[in-house]
Amino acid sequence: MASLQDLKTRIKSVKSTQKITAAMKMVAAAKLRRAQESAEAGRPYATRMGQVISGLASKANKESAPALLVGNGKEQTHLLVVMSADRGLCGGFNGSITRATRNEVARLRAENKTVKLFMVGRKSADALRRELGDIYMESLEGIQGTSVSYGDADSIGKTIRDGFEAGEFDVCSIIYNKFKSVIAQEVTLTQLIPAQIDMSAESDMLSVSYEYEPEEEELLNALLPRGISTQIYSSLLESSASELAARMTAMDNATRNAGDLIDRLTLIYNRTRQATITKELIEIISGAEAV
């Protein structure tokens with residue numbers, strides 16, 4: 001049985017941990033509101049960009065359409081852009097991304113595809129480095145957080161577009177956590193290259209006759225690179241909001257668990273102290289009777 005001093009030291013240690021987790025919860029909650037607003041504000045723009053590209057794609061000549069839209073005719077090499085956090089203590093946020101990446105790599109390899117990884121965020125990169133580090137195309141840190149910028153997203157998009165034009169891969173997809181609510185985040189896999197076509201938007205555009213100037217191909221050449229950067233930026237915003245929500249929930253649970261542990265340790269401490277006092281009284285009484 002632990003001594004009273006050991007119990008007192010542990011109670012003090014757990015109380016210190018509880019103060020830290022409570023502070024981290026409040027910091028995450030304060031940052032979450034702005035990150036959530038940014039993620040939700042970016043969705044309409046990204047959605048509309050996809051609809052415009054889909055509408056133009058429905059009118060464009062597939063033979064002369066940009067490669068970013070129709071691909072290069074091959075599907076052998078796949079690039080996965082993986083978005084995780086740079087820090088831990090956010091529940092299953094990083095673990096879910098790591099598992100999804102591992103499963104997707106296994107699925108593609110089972111189809112005899114070549115896989116490359118573009119890691120954004122340190123945690124999943126570190127977790128997968130031992131088994132998949134040899135297929136890393138690039139690994140970036142410090143991109144995500146409360147100050148996600150479009151410039152960073154555009155830089156990532158340019159690197160991806162340059163790699164595609166150089167023939168380093170044929171298909172590119174992105175894996176990230178989409179913000180659903182404070183207690184729910186959804187791991188999402190979205191294809192970037194070739195561009196995914198929204199069939200509902202295409203049907204809407206076909207119901208109305210449009211004349212484009214300049215031609216559809218020229219518009220697509222200008223919009224497709226921006227569309228990739230927009231999707232990456234939206235994914236960064238979603239991932240940042242999801243990370244803060246997961247951290248707030250995890251720290252709230254940790255604070256509650258610390259409180260429960262303090263209550264149990266305090267009860268054990270009081271019982272041990274009472275047993276020690278009772279034992280000493282019995283010894284005194286026994287000694288007095290012996291005299």
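Assorted remarks:
- Leading residue by the ranking (farthest from the chain's Cα centre (by Cα)) among those in region 5-26 that are over 16 Å from residue 259 (Cβ atoms) and surrounded by fewer than 14 Cβ atoms within 10 Å (Cβ to Cβ): 5
- Residue match in region 40-62 (condition: among the hydrophobic types (A, V, I, L, M, F, W, C), without any contact (Cβ under 8 Å) to a residue 12 or more places away in the chain and either within 30 Å of residue 242 (Cα to Cα) or surrounded by fewer than 18 Cβ atoms within 10 Å (Cβ to Cβ) (or both)): yes
- The requirement of being touching a residue at least 40 places away in the same chain (Cβ under 8 Å) and either more than 23 Å from residue 91 (Cβ to Cβ) or of a type in the set (D, E, K, R) (or both) is not satisfied by residue 255.
- None of 96, 139, 147 is outside any strand (DSSP E or B), at pLDDT below 90, polar (S, T, N, Q) and farther than 28 Å from residue 221 by Cβ except 147.
- Residue match in region 171-183 (condition: outside any helix (DSSP H, G or I), of a type in the set (A, V, I, L, M, F, W, C) and more than 24 Å from residue 87 (Cβ to Cβ)): yes
- Qualifying residue in region 114-121 (condition: buried (at least 21 other Cβ atoms within 10 Å of the Cβ), at pLDDT below 90 and either touching a Ser or Thr at 6+ places or on another chain (Cβ under 7 Å) or of a type outside the set (A, V, I, L, M, F, W, C) (or both)): yes
- Evaluated against (1) of a type outside the set (A, V, I, L, M, F, W, C); (2) free of Cβ contacts under 8 Å to residues at least 60 places away in the same chain; (3) more than 15 Å from residue 121 (Cβ to Cβ), residue 88 falls short on exactly one condition, (3).
- From 68, 108, 132, 128, residue being assigned to a helix (DSSP H, G or I), within 29 Å of residue 184 (Cα to Cα) and more than 21 Å from the chain's Cα centre (by Cα): 108
- Here region 156-178 is the region considered, the condition is being among the polar types (S, T, N, Q) and within 14 Å of residue 235 (Cα to Cα), and the residue that is surrounded by the fewest Cβ atoms within 10 Å (Cβ to Cβ) is 173.
- The number of residues in region 78-103 being surrounded by 19 or more Cβ atoms within 10 Å (Cβ to Cβ) and more than 30 Å from residue 21 (Cα to Cα) comes to 4.
- Residue count, region 4-39 (criterion: in contact (Cβ under 8 Å) with a residue 40 or more places away in the chain and under 30 Å from residue 271 (Cα atoms)): 11
- Residues that are of a type in the set (S, T, N, Q) and under 23 Å from residue 135 (Cβ atoms) within region 58-109 comprise 72, 76, 77, 84, 94, 96, 98, 101, 103, listed in sequence order.
Yes/no matrix, rows are residues, columns are (1) over 23 Å from residue 16 (Cα atoms); (2) assigned by TED's automatic domain parsing to the domain that holds residue 190; (3) part of a helix (DSSP H, G or I); (4) at pLDDT below 90:
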{"position": "227", "(1), (2), (3), (4)": "yes, yes, yes, yes"}
{"position": "255", "(1), (2), (3), (4)": "no, no, yes, no"}
{"position": "259", "(1), (2), (3), (4)": "no, no, yes, no"}
{"position": "264", "(1), (2), (3), (4)": "no, no, yes, no"}
{"position": "269", "(1), (2), (3), (4)": "no, no, yes, yes"}
{"position": "280", "(1), (2), (3), (4)": "yes, no, yes, yes"}
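- Out of 47, 9, 21, sole residue that is part of a helix (DSSP H, G or I) and at pLDDT below 85: 47
The values are calculated or read from the model by the stated rules, or taken from the named source; none is laboratory data. Owing to the predicted nature of the structure, the values given are computational and were not obtained by experimental measurement. A quick note on method: Cβ atoms are made from the backbone with ideal geometry, for glycine too, and the neighbour counts reach across all protein chains shown.
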